[in-house]
Structures are given as structure tokens and as C-alpha cells.
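This report refers to the structure that appears directly beneath it.
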Amino acid sequence: MGEFGKMLIGLGALLVVLGIVLLAAGKLQLPLGRLPGDITWRGKNSVAYFPIVTCIVVSVLLSLLFWIIGHFRR
């Protein structure tokens, strides 16, 4: 049961850090979701966003972060 508790604490800390990053991104006016290459389709009564480039950028950054963490854990 102790390992499960540690995992929940770690996930909670990760969520707190993610929340702080999102708040900071909002204050810095980062154009996530509005990068060149992101698709915005405006219909007659609707709007659809396809943030393709934003997803690629976030994926590359997370991959780099996890690679760095894995490299130092060895």
C-alpha cells in the first residue's frame, strides 16, 4: 500500500507543476494552439481547431524531458 501512496503523491505533485506551467504560459501569452500550421476551420455556425503543430511541439518537448530524466536516473 505504501508504493501506491507514493505514486499518488508523485502524480499530485506532477499535476501541481503542470498547473503552474499552464498558468505561467497564460501570463506569458505563449501562442499555444495558434502556431503557424495549426488549422482553424470556421463554418457557418461552428469553429473547429486542429492544433497539429502545437501537438508536435509539445510531444517533442515532453520526449526530450523524459529522455533527460531517464538519462540521469541510470
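Laboratory data are not the source of any read-out in this text; all were calculated from the coordinates shown. These figures come from a predicted structure and were not determined experimentally. Backbone-built Cβ (ideal geometry, glycine too); neighbour counts: all protein chains shown.
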Angle in degrees between helix 52-73 and the longest Cα principal axis of the chain, rounded to the nearest 10: 10 degrees
Approximate spin-label separation I39-E3, in nm, with each point projected 7 Å along Cα-to-Cβ: 4.3 nm
Calculated FRET efficiency for the pair L11/A48, C-beta based, R₀ 35 Å, to 0.05: 0.65
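Sorted by mean Cβ packing within 10 Å, highest first, what order do the peptides 63-70, 33-40 take?
The densest-packed peptide leads the list: 33-40, 63-70.
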Cα gyration tensor shape for the chain, rounded if a/c is under 1.5, else prolate or oblate: prolate
Label-point separation, I68 to L32 (7 Å along Cα→Cβ), nm: 1.6 nm
